[in-house]
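Colleague: Below you will find the structure I want to go over with you.
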Amino acid sequence: MDISNSVLILVAAFGGLIIFFIFLYFVPVNLWITAIFSNVKVGLLELVGMRIRKVPPGVIVNSLITATKAGLNLTTNDLETHFLAGGNVPNVIRALISADKANISLSFKQATAIDLAGRDVFEAVQISVNPKVINTPNVAAVAADGIQLIAKARVTVRANIAQLVGGAGEETILARVGEGIVTSIGSAQNHKSVLENPDKISKLVLERGLDAGTAFEILSIDIADIDVGSNIGAKLQIDQATADLKVAEARAEERRAMAVALEQEMKAKNVEMRAKVTEAESEVPKAIADAFRTGNLGVMDYYKMENVKSDTSMRDSIAKSDENKSSDRSRGNDKNK
């Protein structure tokens, strides 16, 4: 009996210990006591309800204590609602305290909306107090004289709390600043004027109001570095000259091909005309024979005609021989010279 009583006592003690820890889990008395000594009114039933709703009471109570000590008027219901919506309660409290100390207008509703939108509200408040510097990548632009300039700028921005929800981010700022730099350099008459006064780029870019619709306010734009790149104008002229040369060569080749085709066509026509002449000459003996038969041509007339043809051939041969001799003499004179 003594052994069985001892076992029962141990089991009861172990069970009581488990029940005690379960009680402390669902009823965090230590948090309740801490809240009371921090002048924060939180009931035990509220803490039990948080456990049931799967909300960590430590996060809510500690955040509420911090907010109360900083003079913020918040309730457990506000913090619990934001936590259940997926927000970062401690980060929101830190942001509200920082904004209050820096005299920045930021309500709890704004802070929770910025936090739920995926932005770091505490970092946004820090950027409002301590402006952030954004370095742009190298921006290449061409002046009116064709010389390329490569500029790099530093943009000092401050977070615009009112535009954090729905406002554009850093990528938009960088894109707009790059566009402004390209426009400013492109409108310059020559690259030397840009190198002499790079602050003109900053002034022209700032006048364009590039921070409209963004989550930031541009405080200043400073040209950190500017270098001379390639002579784009000369390259374009060379490329244009090369293209014009190719076009001219293509047109010349086209004309040459047309001339060759025309030459071949004229040769074909020449052969055709010779064929016609040969055909016509073949009719001459037939006509002479018909003239003999009809009595229109006598034998003496035929001999006279043949003599005329012979004289003509002889004169042609003499003329050709004289031409050859004169050409040979001129060649000899040229050689002697």
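The values are calculated or read from the model by the stated rules, or taken from the named source; none is laboratory data. Note that the coordinates shown come from a computational prediction; the quantities given were computed from them, not determined experimentally. In this analysis, Cβ positions are derived from the backbone assuming ideal geometry, glycine residues included, and neighbour counts consider all displayed protein chains. Each accessible area value is taken on the protein alone, full model and side chains, heavy atoms only, with ligands, DNA and RNA left out. Shrake-Rupley method; radii C 1.70, N 1.55, O 1.52, S 1.80 Å.
Colleague: Which one of T34, T75, T68 is over 21 Å from V92 (Cα atoms), among the hydroxyl-bearing types (S, T, Y), surrounded by 10 or more Cβ atoms within 10 Å (Cβ to Cβ) and at pLDDT 65 or above?
Modeller: T34
Colleague: Tell me which of these I134 doesn't satisfy, since it passes every other one: (1) under 30 Å from N62 (Cα atoms); (2) modelled with pLDDT of 85 or more.
Modeller: (1)
Colleague: If you go through region 182-208, how many residues are under 26 Å from A168 (Cα atoms) and within 22 Å of the chain's Cα centre (by Cα)?
Modeller: The qualifying residues number 7.
Colleague: Identify the residue in region 159-178 that is open to solvent by 60 Å² or more (accessible area, probe 1.4 Å) and part of a loop (DSSP other than H, G, I, E, B) and, among all such residues, is farthest from V194 (Cα to Cα).
Modeller: V165
Colleague: I've got another one for you. Which of the residues spanning region 130-147 are within 28 Å of the chain's Cα centre (by Cα) and open to solvent by 40 Å² or more (accessible area, probe 1.4 Å)?
Modeller: Those that are within 28 Å of the chain's Cα centre (by Cα) and open to solvent by 40 Å² or more (accessible area, probe 1.4 Å): K132, V133, N135, P137, N138, A140, V142, A144, D145.
Colleague: Say we look at region 113-129 and pick out the residues that are at pLDDT 85 or above and over 31 Å from the mean Cα position of the chain (by Cα); which of these is farthest from S98 (Cα to Cα)?
Modeller: Step by step, filter region 113-129, then rank; the result is L116.
Colleague: Cβ-Cβ under 8 Å, sequence separation 6+ or interchain: first residue in region 112-139 and of a type in the set (F, W, Y), partner at pLDDT 85 or above and open to solvent by 60 Å² or more (accessible area, probe 1.4 Å). Which pairs?
Modeller: Once the first residue is of a type in the set (F, W, Y) and sits in region 112-139, its partners that are at pLDDT 85 or above and open to solvent by 60 Å² or more (accessible area, probe 1.4 Å) give F122/R94.
Colleague: While we're here: When you scan region 148-158, do you find a residue that is open to solvent by 70 Å² or more (accessible area, probe 1.4 Å), touching a residue at least 12 places away in the same chain (Cβ under 8 Å), part of a helix (DSSP H, G or I) and among the basic types (K, R), even just one?
Modeller: Checked against the condition, which is being open to solvent by 70 Å² or more (accessible area, probe 1.4 Å), touching a residue at least 12 places away in the same chain (Cβ under 8 Å), part of a helix (DSSP H, G or I) and among the basic types (K, R), region 148-158 yields no hits at all.
Colleague: Still on this model: Does A234 qualify as being touching a residue at least 12 places away in the same chain (Cβ under 8 Å), closer than 30 Å to I147 by Cβ and part of a helix (DSSP H, G or I)?
Modeller: yes
This table checks each residue for (1) within 60 Å of the chain's Cα centre (by Cα); (2) exposed (fewer than 10 other Cβ atoms within 10 Å of the Cβ); (3) modelled with pLDDT of 75 or more; (4) not hydrophobic (A, V, I, L, M, F, W, C).
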| site | (1), (2), (3), (4) |
| --- | --- |
| D227 | yes, no, yes, yes |
| I238 | yes, no, yes, no |
| A241 | yes, no, yes, no |
| E249 | yes, no, yes, yes |
| M258 | yes, no, yes, no |
| A291 | no, no, no, no |
| V299 | no, yes, no, no |
| Y302 | no, no, no, yes |
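Colleague: Let me ask you something else. Quick check, is E217 under 21 Å from the mean Cα position of the chain (by Cα) and at pLDDT 80 or above?
Modeller: Numbers: under 21 Å from the mean Cα position of the chain (by Cα): no; at pLDDT 80 or above: yes.
No.
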